Structures are given as structure tokens and as C-alpha cells.
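Scroll down for the structure; my scribbles are underneath it.
The values are calculated or read from the model by the stated rules, or taken from the named source; none is laboratory data. Note that the structure is a prediction, hence the values are computed from the model and not measured. Backbone-built Cβ (ideal geometry, glycine too); neighbour counts: all protein chains shown. In case anyone asks, the SASA skips ligands and DNA or RNA and just uses the protein heavy atoms, side chains included. Shrake-Rupley method; radii C 1.70, N 1.55, O 1.52, S 1.80 Å.
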Amino acid sequence: MFRIKEKYKLNPSVTKMVIEAPLVAKKAQAGQFIILRVDDEGERIPLTIADYDRNGGTVTIIFQVVGATTKKLNDLDAGDFICDFVGPLGKASEVSGFKKVAVIGGGVGCAIAYPTAKALKENGAEVHAVVGFRNRDLVILEEEFKSVSDKFVIVTDDGSYGEKGLVTDALRNLVESGEKYDEVIAIGPLIMMKFVALLTKELGIKTVVSMNPIMIDGTGMCGGCRLTVGGEMKFACVDGPDFDGHLVDFDEAMRRSSIYKETERHRYEEGCNLFKEDKNNG
Amino acid sequence: MANMAPKKNEMPVQAPEVRNKNFSEVALGYTKEQAVDEAQRCLNCKNKPCVSGCPVSIDIPEFVEKVAQGDFEAAYEVIYRQSSLPAVCGRVCPQERQCESKCVRGIKGEPVAIGRLERFVADWHMANEHEKSKSANLQNGKKVAVIGSGPSGLTCAGDLAKMGYSVTIFEALHTAGGVLVYGIPEFRLPKDIVKREIENLKSLGVEIVTNAVIGKTLTVDELFEAGFEAVFIGSGAGLPRFMNIPGESLNGVYSANEFLTRTNLMKAYKEDSQTPIMHAKRVAVVGGGNVAMDAARCAKRLGAEDVYIVYRRSMDEMPARREEVEHAEEEGIIFKTLNNPVEILGNEQNFVNGIKCVRMELGEPDESGRRSPVEIKDSEYVLDVDAVIMSIGTSPNPLIRSTTEGLDTDRRGCIITKDESGLTSRAGVYAGGDAVTGAATVILAMGAGKSSAKAIDEYLKNK
């Protein structure tokens, strides 16, 4: 059993939890993920590690309530226990050897983009962060990003906060104003990563994306997380989750991510109707 | 005087048209009377050919004799000397290719039903378990780590614990049992049975740490640093193989591992399960092994009307146990042998709606000695299905080999072992089961775990 040490509500549907998991904390690196099971009847879900404290023995996760399992997780409070918490899984992000990097985060994906930005900064890179949300109410981790980036741009779809527009617009502006990046790291909804990758291909900038497909074991056994990258089959859990954004078949990944959409929706709506409004704010 | 009936006592089973709609165990087990009657068929041969067919060398005539005498607990003790998991082996071992294939009674008639007797004895023991005769042995204070809680790991751990070692098993998943819980379905091996066998191991002092992925959470080297003096790697089969044909990324294409894990480990067949699974109406399972049979029979039980086994060779070459094939046939699984998929087809929403196959014929024998299948020209056709389950094997998991320096693996990625002992290229590190052989059977993995336990004991005694 793994104790929830702290719980914070970051926005109406995004929650941050600090979990006591010393073995995971000892090894965790930016870009890796964990798999958890809320209770003995629960499904296994992967969540990317948002932060860790090796000395304190804790791992931070940030999740959006999108289905039955994340709702059940969100119902727990500090002091409660999670049944299973395993990791760190997947390969760590490459964070050393860069001069200047643009880190792009979209929606709840910012939770994963932030530790990567932080690790890049610690490894000596100049970090420009571009983060995007649907609207002002959904903004998360603004202060955290500011503290690790040399340049910070925030955009919202409706212009209710920061600049109005998409992260791709902001990135294009930065490049057109003369910024030269060794690499772009994009983490967010598949559709956002697809368009960032299309843009950077045009601009000729190497791009890494973090994939978060459906998976069960997370250790290379089930094959559910397979993706096509550069025409080859890859398993996100052991070969990733980071991949070359110019080689990922995003359209296929988007189709595969919807396999259980109907089942999920039914189950979720049976469980609770409260969060319907915020379901797609990723 | 032995019972000279030429045939085995029939095993009572659930009727096919009933069982293909539920997940309860198919075979119901012998009654006491049937077991005694069957045991009396044993001639108690002096040279015990059956024992030579058993990968863990159970003294078969001795235990069968005890059954014939009605002393079932004594029979259990005989089996337990060699096997830590009798209730499992009695259900999933391919006895017809092992002990029973050597039985003298099989020359004129059917061999003694050794597997069914083993199962009877193990079940009887569980049902009538008296005080534990196996009180924990004197601990010798030496720590051994076992990676993986599947058949090889459980066997190795059990044997070492019996010898007095402090054994800790590290399991990546949230439940112990490996393929016995995620792979083999409830109707063939009830999970309660596995649980009981594991509880048995714990009572011997074996500690099980779940949610520990060796190669990620901890490495093999860190296990040594933590005071373990030897390590056994029984991490099992790994990444599922696909055919590299178009359409394998369509929604509705599963690896057998994924389909079975959702069904068995995550209990997707239960109404209240949180883990989703597609309830397809028409399913093609590609492959001819035991795993393919399990997947096909699960699909049927999940409500599929038509389930096909698509296999490129003929019935004779099929690697699955005969009993599994027969059970599958009885349950209405349709066998498309000498058929090979060339493409999986999908609709506009990218869900599977067909599998294009080509008919095959058998040509010359290949390196495995089996006649290799050759495509028949212009014989392509489409089978209408809405799910495809690929059950064509696995390749070893990379997590341990990529994080353990000096651990040699072959070109496929299987761990190289010196000999039967399972010793790897690293001192104190042993390996066995699918991680070494590639996908094989439960009992072979158990045999490997057993040999390694013996080798680890010798190594640590002389260290």
C-alpha cells in the first residue's frame, strides 16, 4: 500500500498528489512513468511522473479526471492509501548536452513538461517554455514553469489569459523572432504534439514527444501500447515514452487511443456526472 | 492384481455447450473412487519409465501406489518432495508428451492417467489440509533473490526455502503467479488454486514483493548490494510478436498477452471489472499453441459467436496440447488450419472488419522437422471478423539484460545459461524458464527452477 502524503487541486479537474513510494522516488527521472491501481478491483493506469523527492521518498503525480479510475483516485484524500504503485517505468528523457531548448506543454501535459524543463535547466540548457490551455481557469503550474525557464510564454485558446492562440503560433513567433533551438520537446494532447511536430519539421528543428498510450503492465508484456514510429512497431512502455516527433504516426495513435472510448464514457457517466463539462480540456 | 482396464477413467467435465459460456473450471476432477480405481491400473514397474518423462522427477509409481491404497496425504507428500505446485501441474502439464508417454500401459491401451491423479491428490490435500507437516525448516541465514513469480520462480523459491534459505521473490505485477495468473484462464487453472499454492510457499518462509520491476525499480546489482548472495532470473516471456502484416495497429487487434491479461489478471470477464475489453462477435486467433487455444476459448466465453483458430500448418503440427485442442473443438472453436493471414482489414473508424488469409499446403520439412507450409497461389479470401488475436509467440523482455552488465544473451535476446544449472555469464546469477528458452511450457520452467535451486545451493555451500 502506498500512502498519499499530500493532495492539491490545481484546477477544477486536475489534481496533484504526492505519494510515498521510496523505491520509485530513488530511481525516478524526468520522462518516466508509473502505473497505479487505486484499489484491489481497479484497473492499471499509467501516469507520468511529475516530480520526485529522493530524500523524502515521494513521487508526485498530476492527473486529470477523465474516467472511472481517475475519478476514484480523485476521491481519495491525503492520508489514504493507493493499492499499487509501480515504477519508474519507461526510459528517461534526454536532458543533457543541449544549449537552448523549447519545451511545449499543453493542458494537463504541462505536468509532464515541467519536470523535463526543470531537468534541462539543471543540466545547463537555456529553456524557453511555451504552455497552452483552453482558458484561464485551466492554467496549472505557471509559477513552477517560470522558475525554470529563461523565457515563458502562455497562450489560451480563448485569449482569457496570456496570448490568444495555440502553442504552435507562439513557437513559430519565437523562431521567426530569431530564436534558435537545438531541440523542441512537446508534451500534451496527441493533436497538439502532431501539429507541433509538423511545424518543427517545416522549421527543421529536432523534436521529441512523450507518448501516453493505453497500456496494462507497462513492462513490455502486453503490447497494447504499440505505436508506429518511422514505419516500425515500437512499444511505448519499454522503447519510450519519448520518441522522435517527426517519425511518430500520430493519426494511428489517436485512433488507437479511442478503442474503449464508448465503454469508458458509459462507465464514467454511471459513476459521476459532475465533471462532464471539463472532460476535454486537455 | 492391477486393474487391467485398457482405458483411463474418464475425467468428468462440464458439458461443452454449458462451459463455453462460463469461466468455471472445465475439468471437474476425479472422485475418490475413480482415483483409487485409476491408480490400480499402475503396474508399479521396477525401472519407472514414467519418472524419466517428468521434468521434475516426481516418484510417480510411489505416489500412485499410495493413491491405490487410499492414503492420499502420503501420496501428496511424495509429490511435494519434488514439486512445489502439484495442483498446477496436475492441470496444465502436457502429460501425454511426458510421464504418460512413457507408461507401459500405453503400449496396449491408454497409459495410467498420471496427470489426473496428481491433480486429485493435490486437490484432496487442499480440501483436507491437516496440520502443516512442512513446518519451516531451519534457516541457514543466506538470502537468495528470485525475479518473477511464475512457474520457474515459484519452484526455485520453494526448493530453496525447503533447504533453509531466506528467499525473496520480486514480482513486477500487483499479483504473484506470473503466467499462471495473467495467462492461463480461470476455466483451466482456477486462480484460487494458484493462490493456495502461493500461500503454501509463504508458509515456508518465502517473501513476495509485488510491484517491483527488476531492471527498473531495482537492478540485479542492487540486489547483491542489498545482501542477496545469489539471484535467480525467471522473468518469463516478453514482448509479444506480431506478423508484420498490414493492419496490425487497427483497433480490435490484440496480442494474446494483452487479451488474456485483460481477461484473466484484470478479470475483464466480470461485470464489475474496471478493465475494458472488446466483446467481439467474430474473432480470429492466429497461432496454434496452448496460448492460442486459451485466447480462443476466452473469446468464446466473452460472447463471440464465431471463433476461428487460424494456423498455417495442419492439425498434426499444432503445438497445443491435444486435450486443449479437443476441448476447444467441443466448445465450437472453428479450426482454419493451413491458412495464413496476409492482411487485417478495417472500417472507416479503423476497427477490424476482416482478415485476409491465404491457403497453404505442406512442403518439405524445415529445420524443426515439421513440414513447412507453402502458400497456394491465388487462394486469398477474407474472413469476416471484428477482432484478431495474435498468438504467435514472444521475444524476451529487454529490461533485465539491458541493465545487468556482463549478462550474456543470444541473438534473440534470451539469457544464455551454461548448462542445466541455469548459471549465466554472471557469477551467482542463474536463470530459467521462458527468459532462457523463449516461450515454452509451465513444467519445463518448473524443471529449470528446480535445477537452478540445486545449483544455487551447491554454489552457496562452497562459497
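Restricted to Cα atoms, region A:186-253 shows a radius of gyration and a Dmax of 11.7, 38 angstrom. The longest stretch of chain A left intact once loop-based trypsin sites (Lys or Arg not before Pro) with at most 12 other Cβ atoms within 10 Å are removed from consideration, loops following DSSP, is A:181-282.
Using a Gaussian network model of chain A in which every pair of alpha carbons under 10 angstrom is joined by a spring, one finds that among A:Gly165, A:Gly220, A:Gly178 the greatest mean-square fluctuation is at A:Gly178. Between the Cα long axis of helix A:190-203 and the first principal axis of chain A there is an angle of about 20°, rounded to the nearest 10.
With each label modelled as a point 7 angstrom along the Cα→C-beta vector, the B:Glu367-B:Met315 pair spans 3.1 nm. Looking at region B:242-392, how many pairs of lysines come closer than 23 Å at the Cα, when each pair is eight or more places apart or spans two chains? So the count works out to 12. Over the protein assembly as shown, the reciprocal of the mean inverse Cα-Cα separation, the Kirkwood hydrodynamic radius, stands at 27.7 Å. Net length available on complete extension from A:Glu179 to A:Lys164 is 3.3 nm, with 0.36 nm assigned per residue and the Cα-Cα distance removed. For the protein assembly as shown, DSSP calls about 50 percent of its internal beta bridges antiparallel. For A:Lys206, project a label point 7 Å along Cα to C-beta. Then give me every residue of region A:112-135 with its amide nitrogen under 20 Å of that point. Within reach of a label on A:Lys206, which here means backbone N under 20 Å from a point 7 Å along Cα→Cβ, region A:112-135 contributes A:113, A:116-130.
Among the GluC sites (Glu not before Pro) within region B:375-463, those in coil by DSSP and having at most 15 neighbouring Cβ atoms inside 10 Å are B:Glu380, B:Glu405, B:Glu420. Under 5 Å between amide hydrogens, built in the peptide plane, is the criterion, and for A:Val103 it picks out A:His128, A:Ala129, A:Val130, A:Ile185 among residues at least 5 positions away or on other chains.
The number of Lys pairs in region B:16-128 with C-alpha atoms less than 24 Å apart, excluding pairs fewer than 8 positions apart on the same chain, is 8. As a ratio to 2.2 N^0.38 Å, the alpha-carbon radius of gyration for region B:242-392 is 1.02. Taken over chain A, the convex hull of the Cα atoms encloses 122 Å³ per residue. The modelled label-to-label distance between B:Glu326 and A:Leu198, using points 7 Å beyond Cα along the C-beta direction, is 6.0 nm. Residues of region B:248-286 that bury at least 30 Å² of accessible area once all protein chains are present, compared with their chain alone (1.4 Å probe, heavy atoms only, ligands and nucleic acids left out), are B:Ser249, B:Asn251, B:Glu258, B:Thr261, B:Arg262, B:Met266, B:Gln274, B:Pro276.
Placing R0 at 30 angstrom, the Cβ-Cβ distance between B:Asn128 and A:Asp40 gives a FRET efficiency of 0.55 after rounding to 0.05. Note on chain B: with neighbouring protein chains present and a 1.4 Å probe, carbon and sulfur make up 49 percent of its accessible heavy-atom surface. Estimated purely from DSSP H runs of n ≥ 4, each contributing -39500 (n - 2.57), the mean residue ellipticity at 222 nm for the protein assembly as shown is -8500 deg cm²/dmol once divided by its residues. Helix screen, chain B: DSSP H segments with Cα axial length of 15 Å or more and mean Kyte-Doolittle hydropathy at least 0.0 are B:151-162, B:442-462. So, R0 is 51 Å and r is the distance between the beta-carbons of B:Ser425 and B:Lys202; what FRET efficiency does that work out to, to 0.05? Calculated transfer efficiency: 0.95. For chain B, taking the reciprocal of the average inverse distance between every pair of different Cα atoms yields a Kirkwood hydrodynamic radius of 23.2 Å. Rounded to the nearest 10 degrees, what's the angle between the helix A:110-122 long axis and the longest principal axis of chain A, both from Cα atoms, 0 to 90? So the helix axis and the longest Cα principal axis differ by about 60 degrees. The residues of region A:17-55 listed by number as losing at least 30 Å² of accessible area in the complex, against the isolated chain and with a 1.4 Å probe, are A:Leu23, A:Lys27, A:Arg37, A:Glu41, A:Glu43, A:Arg44.
Here the Gaussian network model covers chain A, with springs between Cα atoms less than 10 Å apart; of A:Thr200, A:Thr48, A:Thr116, A:Thr200 fluctuates the most. Compared with the dominant principal axis of the Cα atoms in chain A, helix A:167-176 is inclined by about 30°. Set the Cα radius of gyration of region B:16-128 against 2.2 N^0.38 Å, with N its number of residues, and you get 1.04.
Computed on the Cα atoms alone, the convex hull of region A:115-215 gives a volume of 114 cubic angstrom per residue. When the surface is traced with a 1.4 Å probe over the full set of protein chains, B:Ile333 keeps roughly 10 Å² accessible. If you count only protein heavy atoms with a 1.4 Å probe, what accessible area per residue comes out for chain B, rounded to a whole Å²? Value for chain B: 40 Å² per residue. Need the list of aspartates and glutamates near B:Lys143 for cross-linking: C-alpha distance under 15 angstrom, and skip anything on the same chain fewer than eight residues off. Partners found: B:Asp159, B:Glu207, B:Asp221, B:Glu222, B:Glu225, B:Glu229, B:Asp457, B:Glu458.
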